[in-house]
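FYI, it's all coordinate maths here, none of it is from the lab. None of the values given here were measured: they were computed from a predicted structure. Glycine gets a Cβ as well: all are built from the backbone with ideal geometry, and neighbour counts include every protein chain shown.
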Amino acid sequence: MKLIDERNTRTRWFLKDRFGMFIHWGLYSIPARGEWVMTNEKMSKEKYKQYFDEFDPINYDPKSWAKAAKHAGMKYAVMTAKHHDGFCLFDSKLTDYKATNTKAKKDLIKEYVDAFRSEGLKIGFYYSIIDWHHDDFPHYGDKHHPMRDNEKYKDLDHDFEKYLEYMHGQVHELCTNYGKIDILWFDFSYDDMVGEKWRATELINMVRSLQPDVIIDNRLEASGENSGSILTNNPSFFAGDFASPEQIIPPEGIVDENGNTVPWEACITMNNHWGYSSTDKNFKSPKMIIRKLVECISKNGNLLLNVGPNAKGEIPSESINILDTIGKWMMQNSSSIYNCGKSCLQKPEWGYFTQNQNKLYAHIFEGSIGPLGIQGLNDKVKKIRLLSDGSELKLIKPWNTMDYNDYIFINFGTPEHLTYSLPDEIDTVVEFELLD
Ligand code: JFZ
């Protein structure tokens, strides 16, 4: 129980902030075929090194990234300090395979941290516990390694303990050299590469001694495939502070065996790749993303929305445009997102509810024919406002609603001039202040 209490205390800010930016950036932005390119194309580290030699992100400007995130209404960010390819964007003393030794010549993580903090955002690191560059990480026969079926690697020894020293050492660096870290995102476990195989208890103890308040994902024990013991009565010491469903919004949110809510964060790409892809133009519409953000909140979850900057260090313009549209909507409607969660009412057929104490927010996605009905609020409403501009909405009870006495009805005009078209076709938010 104590573990769960501590988790609930640590995650308090997280459950209020609700919306963050994921940043997948690394050498893979040059081949521009996603962050798994090295293993998808079975490239040796010698072959992949061409991208290390070439890496020169001349337009890297994390201040502009931070401004874009802040404008979109995001409250925190998580950036890849090291991905599976092993390349470190931070100035690790434990390897030469790092940004400071490329043409970038800088600790890119340090600049990210400074930029996002100065915009008032909380900051976090994604750190891959998998490493396809380190010689002591399992290669031949491993499930994901680029050399998994290369016979030349069959007889090459590796000393996994040495890798663990390295990995723990890098996590120590990340927890020591960048001030207060708000969120750590380890990725990921698979098969028997799970939990204590990573010396997870020791790792968590070390992290907690350096960063007592940091919240940690569940992937020292899990992957996108499953959530691990965070869903049970008795979570392990390294079960993590939140579940991390990937490219899916859990149909009913996430609760543990006892039905208690478990903090969760859906991580979602804007197109179909995490790392930059030059050909993937399959971007979700801003409308869809705003609606999915609302869906997450209505199910007590967070949304971590990804951008994949390119080799020059630029967030793709499609992503910038999406963030901008989200920002315009958030400017008017963010009080239906921050501090909000699942409501006391069932999901309505026209959209979703979110709620913050006595403020209930109706997110209306689909317009109505005539009066728009809301069930379960009879005699419970103190006042009703259109959230975008704070204007008063009045309950109506025209002749054609008489059969539906357990509903209240609204419109977007006045009782004299009834109007049913939605003011915001993305998501019209109506705020109900409930009676105590
Ligand atoms: C992981 C990473 O591999 C991916 O590159 C990205 O960083 C994402 C946020 O996290 O994605 C996974 C994790 C687990 C599986 C697939 C993708 N899995 O278990 O099949």
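General remarks:
- Output for the range 319-370, where each listed residue is touching a helix residue (DSSP H, G or I) at 6+ places or on another chain (Cβ under 8 Å) and among the charged types (D, E, K, R): ASP324, LYS342, LYS347, LYS359
- Lone unmet requirement of (1) buried (at least 22 other Cβ atoms within 10 Å of the Cβ); (2) away from the ligand (no atom under 16 Å from the Cβ); (3) not hydroxyl-bearing (Ser, Thr, Tyr) for LYS63: (1)
- Within the range 190-235, considering residues that are of a type in the set (Gly, Ala, Ser) and closer than 20 Å to PRO250 by Cα, the one surrounded by the fewest Cβ atoms within 10 Å (Cβ to Cβ): GLY224
- Total residues in the range 179-226, condition part of a strand (DSSP E or B), more than 13 Å from the ligand (Cβ to nearest atom) and free of Cβ contacts under 8 Å to residues at least 60 places away in the same chain: 1
- For the range 15-31, the set of residues classified as within 15 Å of the ligand (Cβ to nearest atom), touching a residue at least 40 places away in the same chain (Cβ under 8 Å) and not hydroxyl-bearing (Ser, Thr, Tyr) consists of GLY20, MET21, PHE22, ILE23, HIS24, TRP25, GLY26, LEU27, listed by residue number.
Here is a yes/no grid of residues against (1) of a type outside the set (D, E, K, R); (2) more than 16 Å from the ligand (Cβ to nearest atom):
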{"residue": "ALA68", "(1), (2)": "yes, yes"}
{"residue": "HIS71", "(1), (2)": "yes, yes"}
{"residue": "LYS75", "(1), (2)": "no, yes"}
{"residue": "HIS84", "(1), (2)": "yes, no"}
{"residue": "LYS98", "(1), (2)": "no, yes"}
{"residue": "LYS103", "(1), (2)": "no, yes"}
{"residue": "LYS106", "(1), (2)": "no, yes"}
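- Test: ALA104 is among the small types (Gly, Ala, Ser) and in a helix (DSSP H, G or I): no
- Within the range 236-263, the set of residues being within 15 Å of the ligand (Cβ to nearest atom) and crowded, with 24+ Cβ neighbours inside 10 Å comprises GLY240, PHE242, ALA243, SER244.
- Residue match in the range 393-410 (condition: of a type outside the set (Gly, Ala, Ser), in a strand (DSSP E or B) and closer than 15 Å to SER335 by Cα): no
- One residue alone among ASP191, ASP182 is under 24 Å from GLU265 (Cα atoms), of a type in the set (Asp, Glu) and in contact with a Gly (Cβ under 7 Å, 6 or more places away or on another chain), and that residue is ASP182.
- Residue under evaluation THR80, criteria (1) surrounded by 22 or more Cβ atoms within 10 Å (Cβ to Cβ); (2) of a type in the set (Val, Ile, Thr); (3) in contact with a Pro (Cβ under 7 Å, 6 or more places away or on another chain), criterion not met: (3)
- On the stretch given as the range 376-429, residues that are buried (at least 16 other Cβ atoms within 10 Å of the Cβ) and hydroxyl-bearing (Ser, Thr, Tyr) total 3.
- Qualifying residue in the range 426-434 (condition: assigned to a loop (DSSP other than H, G, I, E, B) and of a type in the set (Ser, Thr, Tyr)): no
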